[in-house]
Amino acid sequence: MVLILLVAIPLLVHTTKGGTTGSAGSHYEMLGSCRMVCDPYTTSQPGQELTAVSPPPQDYSGKKIKPGFRGPPGIPGPPGERGPPGEPGKPGPQGPPGPGPGGYSPSLYTPKIAFYAGLRKQHEGNEILKFDDVVTNVGNYYEPSTGKFTCPLPGIYFFTYHVLMRGGDGTSMWADLKKNGLVRASAIAQDADQNYDYASNSVILHLDVGDEVCVQLDGGKVHGGNTNKYSTFSGFLIYPD
């Protein structure tokens, strides 16, 4: 009896399909010595292998998907090959001549700065003399409305002034040439029972950019002379730094 069972069990195949309860079917096979395969998803026919079934992919068409976080930057790549050299630039302007046997040669370009103006109106007291009858103003660095020359270029400059005193009352007149408010030259005219007398002086000054030069009274009266230019103020650049 035991021998019959040992021979019959390996050949036994039992299949159970649930159809009466409405639940998913199950398939069991007893193969060989107690080998059981369970497939709760698909039902295979006897003698067929069981196959796995993947779920269908989701459809994202027409949907806005929120982007994820930005990842860290990647490692920089290797440098590229060196490009070809560019075209040579245009030659620059010619420079000034260098030192020679007798020192530095004159520059190819010398700035032109000069002015000359006369005094039309009468002034008195401590006024800055506004020489408003301008004859020469090369560079326009003298301003007749203020009576001041403003230095545009550092260098050595020459200035001279001649002021006609309006006397006849026994008084004297003083006229000072000032650089940035400091007296650099003075002139005096005294009334010795005369109606007119001159006060004049000249200076050579080093100026820096923005320095101002003018002529200012320090007492007395100045005769204007309309367009006759009895009183004048002039200056020019001797050489730049």
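The values are calculated or read from the model by the stated rules, or taken from the named source; none is laboratory data. Fair warning: this is a prediction, and the values are worked out from it, not measured in the lab. A quick note on method: Cβ atoms are made from the backbone with ideal geometry, for glycine too, and the neighbour counts reach across all protein chains shown. SASA here: full protein model, heavy atoms, side chains in, ligands and nucleic acids out. Shrake-Rupley method; radii C 1.70, N 1.55, O 1.52, S 1.80 Å.
Could you list all residues from region 130-144 that are open to solvent by less than 30 Å² (accessible area, probe 1.4 Å) and under 42 Å from the mean Cα position of the chain (by Cα)?
Those that are open to solvent by less than 30 Å² (accessible area, probe 1.4 Å) and under 42 Å from the mean Cα position of the chain (by Cα): 131, 142.
What is the number of the single condition among (1) open to solvent by 40 Å² or more (accessible area, probe 1.4 Å); (2) in contact (Cβ under 8 Å) with a residue 40 or more places away in the chain that residue 190 does not meet?
So the condition that residue 190 fails would be (2).
Check off (1) in a strand (DSSP E or B); (2) under 16 Å from residue 237 (Cβ atoms) for residue 199 and give me the number that stays unchecked.
Every listed condition holds for residue 199 apart from (2).
Looking for something touching a Cys at 6+ places or on another chain (Cβ under 7 Å), within 22 Å of residue 113 (Cα to Cα), among the hydrophobic types (A, V, I, L, M, F, W, C) and in a strand (DSSP E or B) - is there at least one such residue anywhere in region 133-148?
So far as region 133-148 goes, no, none of its residues is touching a Cys at 6+ places or on another chain (Cβ under 7 Å), within 22 Å of residue 113 (Cα to Cα), among the hydrophobic types (A, V, I, L, M, F, W, C) and in a strand (DSSP E or B).
Is there any pair linking a residue in region 194-205 that is closer than 18 Å to residue 179 by Cα to one that is part of a strand (DSSP E or B) and of a type in the set (Lys, Arg), with Cβ under 8 Å and at least six apart or on different chains, and which?
203/184; 205/179; 205/184
Quick one: how many residues across region 202-241 are open to solvent by 20 Å² or more (accessible area, probe 1.4 Å), in a strand (DSSP E or B) and aromatic (Phe, Trp, Tyr)?
The qualifying residues number 2.
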